[in-house]
Amino acid sequence: MISTKFFLLRSVVRQKVVISSSIRFRRITQAASAEKIQRIVIDISQLTLIEVAELNQVLKTTLKIPDAPVMAYGAGLAAGPVQPKEEEEEAPKAKVQTIFTVKLTKFDETKKIALIKEIKNIVEGMNLVQAKKFVETLPAVVRADIPKDEAEKLSSVIAAAGGICEIV
């Protein structure tokens, strides 16, 4: 009985020694890694802004980190990780303009009266005097925020009356 208790006690003591030595080893390695990290932090804090940018590029290429857009604080947490889309890599699509502005830039002096009458009809609430001032103070916006087909119709009507307009 005594010999089994002795062996049992001896094995428990050995386990405690092994555990305590592994804890000491972990503490030593953690201290060494903390010193290493501290040295890296000190070295990085002494770099110039250009050197930090170069370091950033080298780290991205070495660690194969994709360039991610800068987000507002906390926006990345809710959105989750960003996965690059194949469609974005191929070719970015140009934005299609859907709203246009018709601007009268010039007019034919011989057709000035016809243009004034047409401007009076096109622009709501404008009388002949206002239309005359409108035509004489060029360039002027005839209509803004209209669809393309309406802008083209308006441009052709103004061109028929002797005006030269621009669709923006």
Segment 113-124 - phi-based ³J(HN,Hα) in whole Hz, Karplus 6.51/-1.76/1.60, Gly and Pro as x: 5, 5, 5, 4, 5, 5, 4, 4, 6, 6, 8, 5
Rounded FRET efficiency, nearest 0.05, which uses the C-beta distance separating THR62 from ILE99 and R0 of 35 Å: 0.15
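Each value in this text was obtained by applying a stated rule to the coordinates, not by laboratory testing. Worth saying up front: this structure is predicted, and the values here are computed from it rather than measured. Positions of Cβ are backbone-derived with ideal geometry, glycine not excepted, and every protein chain shown enters the neighbour counts.
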